[in-house]
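Here's the structure we're looking at; comments come further down.
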Amino acid sequence: MDKRKEELTNRILVAGHQIPADLVIKNANIINVFTGEEMTGDVAIANGVIAGIGNYEGKTEIDAQGRHLIPGLIDGHVHIESAMVTPKEFAKVVIPHGVTTVIADPHEIANVHGLDGIHFMLNASVGIPLDVFYMLPSCVPATPFENAGAILSAEDLAPLYHHPRVLGLAEVMDFPSVASTSPEMLNKLADANRYQAKIDGHAAGIPSDSLNIYMAAGIKTDHECVTASEAKARLDAGMYLMIRQGSVARDLEALLPAVTASNARRCLFVTDDKHLDDILYEGSIDFNVRLAIKQGIPAITAIQMATLHAAECFGLSQLGAIAPGYQADMVLLDDLETLSISHVYKRGQLVYQTNHIVSSAFPDPPATTKLPGSVKLNTITDECLAIPLTSNQCHVIEIIPNSLITNHLIEEVDVDHGLFKSSTTKDLLKLAVLERHHRTGNIGLGIVKGLGLKKGAIASTVAHDSHNLICAGVNDEDMLSAIRYLEKVHGGLAVVSDGQVIASLPLPIAGLMTDRPYTEVYDRLHLINEALRTIGASQAFNPFLTLSFLALPVIPHLKLTDLGLFDFSSFSHINIEDKKI
């Protein structure tokens, strides 16, 4: 008898009370996500799958002591790279928050290393006690208005649909290519449809009537809503509404008014991009659930959105519920309303218990091919960062705290000997994006308002989506010091003051991640936050996360790529100077 038949036989025999279960959890208040009710009964588990709920005996029995038992939480859309650690370390961070499954988009590492980056993430997530499913990056590069490290065609992606943990095509953010039926985009969409795969959307700034184009193309989700009216438009069109609460994009409270008892079945939670320290401090999907409950969503409805609804969205029929035949991913709660987590089980195995990870549940994943260094710059001098001006009226990127969207301003700036000069008084600083993949020498220059720096510079090789090197600063000298340091350590984050690196986090894996333990990364992030305070950075938002999205041209309204200042409304590059003046 093969292993599958043997496990099925055992499960049936356990369900029929003919043999004892491997594990039985007794005296729990079970949240039934199908009916929205609480129920009682023993939960019997065989070979990592729930065999029955009723009155059971087990080889091991756990007394839940009246705690609530809910399914493992599911993050419907996340970029693991944004936590800056490998999948194994990421699992150690999210499992204590009840997250047992994630739908990951390796878009970030793919923009640096292409197929090698995707294979790296697939291999690095083998054997960990977290189900990591992947959606294939649809837009590498994200747009033709920037230079990424790779180009992925439909032909490149097609073989990966056969991988058991690949669910579909990730966020299609190049809406113009969809609307114009670009041949390459059509090839990607057609392949996803051919393999009956899921397709995620990215409908930032798209009018409601244009959602018809996405739906007609088979794109059924969106995580870019920022208002309740946008959320309702997605639901009205038949899309799944992904309610995002990340580190920068914190949209949950604005979107919840669109959620009703009738449409909640089409709503799920995502984090998208969330820094490691934010996950450790406030949580992952558990934070979304907690916040939703505080905003008036019934606790069981919020839990359904974080479990069953997410599983249904992606066709994960074995996940998202506590019921016979479902994978035994379960979370014991001390309190339902606050989602206070005491135990987490993955496939029936205890992986977390009150402030302690079960270390034996985290074996080392198979060895992965080492990726080459990815920070390749030409020689950078003061002249490379100069912004010549013939007037003092310029287009300026204004940061909106805790939002991916920026304002497009026209401001009067300081000019010294025909060159832009940063002003801490006006909070107008120089911004640079340096192509770092192919040594093209491209440097996009712009002006940013709202970072609040009083001195120094900050730089990062995390710059969505092409992940070129981005730097902002009060003076060119500190900007150059930050740039040269990141080139030396093969990528990461750096804070510089008076020519000295006062805090940093090297990220040698694609300039996006490190293989160091998450505890070490957290300590370095704490030092970075202290250094940011030292140079006067705004405390109203995460400066590095905000910086990383200033290079994302598919989000309104004004951004900067390695090719220059990009205006979302015209979907084109523009001059820094306002030539109409």
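The values are calculated or read from the model by the stated rules, or taken from the named source; none is laboratory data. Only a predicted model underlies this, so the values are computations on that prediction, with no experimental measurement involved. Quick reminder, even Gly has a Cβ in these numbers, built from the backbone with ideal geometry, and neighbours come from all protein chains shown.
Quick check on my filter: what residues within segment 225-246 are touching a residue at least 60 places away in the same chain (Cβ under 8 Å) and β-branched (Val, Ile, Thr)?
Within segment 225-246, 226, 243 qualify.
Checking the conditions here, which among 217, 258, 249 is touching a residue at least 60 places away in the same chain (Cβ under 8 Å) and in contact with a strand residue (DSSP E or B) (Cβ under 9 Å, 6 or more places away or on another chain)?
Numbers: 217 fails: touching a residue at least 60 places away in the same chain (Cβ under 8 Å); 258 fails: touching a residue at least 60 places away in the same chain (Cβ under 8 Å).
Result: 249 is the single residue among 217, 258, 249 that is touching a residue at least 60 places away in the same chain (Cβ under 8 Å) and in contact with a strand residue (DSSP E or B) (Cβ under 9 Å, 6 or more places away or on another chain).
Could you tell me whether segment 125-132 includes any residue that is in a helix (DSSP H, G or I) and either out of contact with any helix residue (DSSP H, G or I) (no Cβ under 6 Å at 6 or more places or on another chain) or buried (at least 22 other Cβ atoms within 10 Å of the Cβ) (or both)? Please lay out each step first, then the result.
The initial filter retains those residues of segment 125-132 that are in a helix (DSSP H, G or I), namely none.
No: zero hits.
Would you check which residues across segment 347-393 are assigned to a loop (DSSP other than H, G, I, E, B) and hydrophobic (A, V, I, L, M, F, W, C) and list them? Steps first, answer last, please.
Residues of segment 347-393 that are assigned to a loop (DSSP other than H, G, I, E, B), as a first pass: 347-348, 354-355, 358, 362-381, 386-387, 389-392.
Passing the criteria: 358, 362, 367, 371, 375, 377, 380, 386, 387, 389.
Taking only pairs six or more apart or across chains, which ones have beta-carbon atoms under 8 Å, a first residue in segment 332-344 that is surrounded by fewer than 17 Cβ atoms within 10 Å (Cβ to Cβ), and a second residue that is among the basic types (Lys, Arg)?
If the second residue must be among the basic types (Lys, Arg), the pairs left are 334/67; 338/290.
Scan segment 443-463 residue by residue and report those that are touching an Asp or Glu at 6+ places or on another chain (Cβ under 9 Å) and more than 21 Å from residue 529 (Cα to Cα).
Within segment 443-463, 443, 444, 447 qualify.
Just the residues that are out of contact with any Lys or Arg (no Cβ under 7 Å at 6 or more places or on another chain) and either closer than 21 Å to residue 388 by Cβ or part of a strand (DSSP E or B) (or both), please, taken from segment 552-574.
Residues satisfying the conditions are 558, 559, 560, 561, 562, 563, 564, 565, 567, 572, 573, 574.
Tell me whether segment 535-550 contains one or more residues that are out of contact with any Lys or Arg (no Cβ under 6 Å at 6 or more places or on another chain) and over 21 Å from residue 427 (Cβ atoms).
Within segment 535-550 (the criterion being out of contact with any Lys or Arg (no Cβ under 6 Å at 6 or more places or on another chain) and over 21 Å from residue 427 (Cβ atoms)), the answer is no, since none of the residues qualifies.
Of a type in the set (Ser, Thr, Tyr), closer than 23 Å to residue 375 by Cβ, at pLDDT 95 or above and buried (at least 16 other Cβ atoms within 10 Å of the Cβ), is that true of residue 561? Write out each step before concluding.
Values: of a type in the set (Ser, Thr, Tyr): yes; closer than 23 Å to residue 375 by Cβ: yes; at pLDDT 95 or above: yes; buried (at least 16 other Cβ atoms within 10 Å of the Cβ): yes.
Criteria met by residue 561.
Report, by residue number, each residue of segment 180-206 that is over 20 Å from the mean Cα position of the chain (by Cα), part of a loop (DSSP other than H, G, I, E, B) and of a type outside the set (Ser, Thr, Tyr).
From segment 180-206, those over 20 Å from the mean Cα position of the chain (by Cα) are 180-197, 206; that's our starting set.
Filter again for part of a loop (DSSP other than H, G, I, E, B), leaving 180-182, 195-197, 206.
196, 197, 206 - these are the residues of segment 180-206 that are over 20 Å from the mean Cα position of the chain (by Cα), part of a loop (DSSP other than H, G, I, E, B) and of a type outside the set (Ser, Thr, Tyr).
Only one of (1) assigned by TED's automatic domain parsing to the domain that holds residue 87; (2) part of a loop (DSSP other than H, G, I, E, B) fails for residue 286. Which number is that?
Looking at each condition in turn, residue 286 falls short on (2).
If I ask for residues that are more than 26 Å from the chain's Cα centre (by Cα) and buried (at least 18 other Cβ atoms within 10 Å of the Cβ), which ones from segment 525-558 would you list? Step through it out loud before you land on a result.
First, pick out the residues of segment 525-558 that are more than 26 Å from the chain's Cα centre (by Cα): 534-536.
Result: 535, single match.
Got a sec? Which of 497, 548, 460 is modelled with pLDDT under 95, under 30 Å from residue 577 (Cα atoms) and of a type in the set (S, T, N, Q)?
Answer to the check: 548.
Restricting the search to segment 280-299, which residues are surrounded by 21 or more Cβ atoms within 10 Å (Cβ to Cβ) and of a type in the set (Gly, Ala, Ser)?
Once the filter is applied, which keeps residues that are surrounded by 21 or more Cβ atoms within 10 Å (Cβ to Cβ) and of a type in the set (Gly, Ala, Ser), segment 280-299 yields 283, 284, 292.
Please work out which one of (1) of a type outside the set (Phe, Trp, Tyr); (2) over 30 Å from residue 281 (Cβ atoms); (3) surrounded by 21 or more Cβ atoms within 10 Å (Cβ to Cβ) is the condition residue 242 fails and give its number.
(2)
Find the strands (runs of 3 or more DSSP E) located wholly in segment 1-102 whose residues include 1 or more that are crowded, with 24+ Cβ neighbours inside 10 Å, and list them. Step through it out loud before you land on a result.
Details: elements: 21-26, 29-32, 37-40, 42-46, 49-54, 58-63, 68-71, 73-78.
Those strands (runs of 3 or more DSSP E) span 21-26, 29-32, 42-46, 49-54, 68-71, 73-78.
Which of (1) surrounded by fewer than 24 Cβ atoms within 10 Å (Cβ to Cβ); (2) of a type in the set (A, V, I, L, M); (3) touching a Pro at 6+ places or on another chain (Cβ under 7 Å) is the odd one out, the single condition residue 170 does not satisfy?
Result: residue 170 fails condition (1) only.
Of the conditions (1) modelled with pLDDT under 95; (2) under 19 Å from residue 285 (Cα atoms), residue 71 fails just one. Which one is it?
(1)
Out of curiosity, is residue 153 outside the structural domain of residue 465 (by TED's automatic domain parsing) and closer than 23 Å to residue 223 by Cα?
no
Being surrounded by 19 or more Cβ atoms within 10 Å (Cβ to Cβ), under 18 Å from the mean Cα position of the chain (by Cα) and either free of Cβ contacts under 8 Å to residues at least 60 places away in the same chain or within 22 Å of residue 71 (Cβ to Cβ) (or both) is true for just one of 272, 277. Which residue is that?
On the way: 277 fails: either free of Cβ contacts under 8 Å to residues at least 60 places away in the same chain or within 22 Å of residue 71 (Cβ to Cβ) (or both).
The match here is 272.
Take the residues in segment 394-430 that are assigned to a loop (DSSP other than H, G, I, E, B) and surrounded by fewer than 17 Cβ atoms within 10 Å (Cβ to Cβ), then tell me which one is farthest from the chain's Cα centre (by Cα).
Start the filter on segment 394-430 by keeping residues that are assigned to a loop (DSSP other than H, G, I, E, B), which leaves 400-405, 413, 417-418, 422, 424-427.
Those left that are additionally surrounded by fewer than 17 Cβ atoms within 10 Å (Cβ to Cβ): 400-402, 417-418, 424-426.
Numbers: 400: 19, 401: 18, 402: 15, 417: 43, 418: 41, 424: 32, 425: 34, 426: 33 Å.
Across segment 394-430, the extreme among qualifying residues is 417.
Residue by residue through segment 107-118, note down the ones that are crowded, with 24+ Cβ neighbours inside 10 Å, touching an Asp or Glu at 6+ places or on another chain (Cβ under 8 Å) and either part of a strand (DSSP E or B) or without any contact (Cβ under 8 Å) to a residue 60 or more places away in the chain (or both).
none
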